[in-house]
Amino acid sequence: MTEVRKQRKTNEKMTLGAFIRSLRLQNGMTQAKLADKVGITDKAVSKWERDVSYPDVALFPKLADVLGVSVCDLLDLCIEEGQPSRLMQIFKMTHDIRTPLHTIIGYANLAELHQDDPARLSRYLDSIRISGDYLMKTLDRLMEVANQEQPEYSMQVIQQKSNSLDTYVNEKARGWKAILQNYVFAGRRILIAEDIRLNRELVSEMLQQTGAEVEFAEDGQVCLELVENAPAGYFDLILMDIRMPNMDGLEATRRIRQLPDPKKAAIPIIALSANVYEEERKASDDAGMNAFAEKPIVLEKLFGMMKDCLQIA
């Protein structure tokens, strides 16, 4: 157990503000010095330490680094027993927003490719509607939370998420037809590890447009078993979701990297995640993944990663 966690165990009721103050004093810093290092005002630090307000979640990585703790240590203390911070609820909801957006944007692009196929269009539209309903419910919860606590911080988080969509809109404007012409994965067998059926089907449709052959795993355990039981070299690459039941993508990757067959252990693995924060990227890198692709998927970016991993000129 780390010193930070030992310290928290001695005072289960310690607030985030008290924790920040304790760490600041341990590091011999005044409020003004901490404010200067993080890039905010000492008045803001004073409010944090008095639990009048929470730090902006965008500052957590920098604040954790200055105080010598992990982001998780700060996040854990933002959730008091039975009374989670509304700001932290917003932070956690970003995953629930990006996941249905991944489906909606992906199937909208596929619909553009198959305008003359009514059966496909109907299936794509059903998927868009299901994901749209889920997204609307999530946004309703998000706005309810945002209006209750620290609206200036909450809306800043929402704005950051909205700005991140610019990339996907720009790709949509270019059109998938033009992008797909530049990528051919014919003869390549790709294993998609993803627990959500709509997402499996979406990524499969994307890859089949390039000539790739696709197989599925519903979770990390199934993915590991498929790799173990297949001949070496059977799978050329794995697209691995990180959050899955039974065994997550990080653990599955660690197990694959430990397989006795060196060819199986070295199979390229690209993370697919709706969590875009640096901590998730580092965790995937530490587990042994070759690259990290965000959801909603930017097709050209993902296919570029695949070309690099497969060493295709």
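The values are calculated or read from the model by the stated rules, or taken from the named source; none is laboratory data. These numbers come from a predicted model, not from an experiment. Here Cβ is always computed from backbone atoms with ideal geometry, including for glycine, and neighbour counts include all displayed protein chains.
Just need a number here: residues in the stretch 219-246 that are over 24 Å from Phe303 (Cβ atoms), surrounded by 17 or more Cβ atoms within 10 Å (Cβ to Cβ) and either within 19 Å of the chain's Cα centre (by Cα) or not assigned by TED's automatic domain parsing to the domain that holds Leu302 (or both).
Here the count works out to 1.
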Name every residue in the stretch 240-254 that is out of contact with any Gly (no Cβ under 6 Å at 6 or more places or on another chain) and either hydrophobic (A, V, I, L, M, F, W, C) or part of a strand (DSSP E or B) (or both), in order of residue number. Leu250
Kindly check whether there is at least one residue in the stretch 249-265 that is buried (at least 16 other Cβ atoms within 10 Å of the Cβ), in contact with a His (Cβ under 7 Å, 6 or more places away or on another chain) and not polar (S, T, N, Q). no
Might you let me know whether the stretch 200-213 holds any residue that is touching a residue at least 40 places away in the same chain (Cβ under 8 Å), farther than 19 Å from Val298 by Cα and charged (D, E, K, R)? no
Residue ID - modelled with the highest pLDDT, chosen from residues in the stretch 1-31 that are more than 15 Å from Gly68 (Cα to Cα) and in a loop (DSSP other than H, G, I, E, B): Thr30
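Just for the stretch 223-242: of the residues that are among the aliphatic types (A, V, I, L, M) and closer than 19 Å to Ala274 by Cα, which one is modelled with the lowest pLDDT?
Ile242
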Got a number for residues in the stretch 255-299 being in a helix (DSSP H, G or I) and within 18 Å of the chain's Cα centre (by Cα)? 11
Going through the stretch 32-55 one residue at a time, which ones are in contact (Cβ under 8 Å) with a residue 24 or more places away in the chain and in a helix (DSSP H, G or I)? Leu34, Lys37, Val38, Val45, Trp48, Glu49
All but one of (1) in the same structural domain as Met247 (by TED's automatic domain parsing); (2) at pLDDT 80 or above hold for Leu198; state the number of the condition that does not hold. (2)
Test: residue in the stretch 32-46 that is at pLDDT 80 or above, touching an Asp or Glu at 6+ places or on another chain (Cβ under 6 Å) and more than 17 Å from Glu279 (Cα to Cα): yes
If you scan the stretch 270-292, which residues turn out to be among the small types (Gly, Ala, Ser) and either crowded, with 21+ Cβ neighbours inside 10 Å or touching a residue at least 24 places away in the same chain (Cβ under 8 Å) (or both)? Ala271, Ser273, Ala274, Ala283, Ser284, Ala287, Gly288
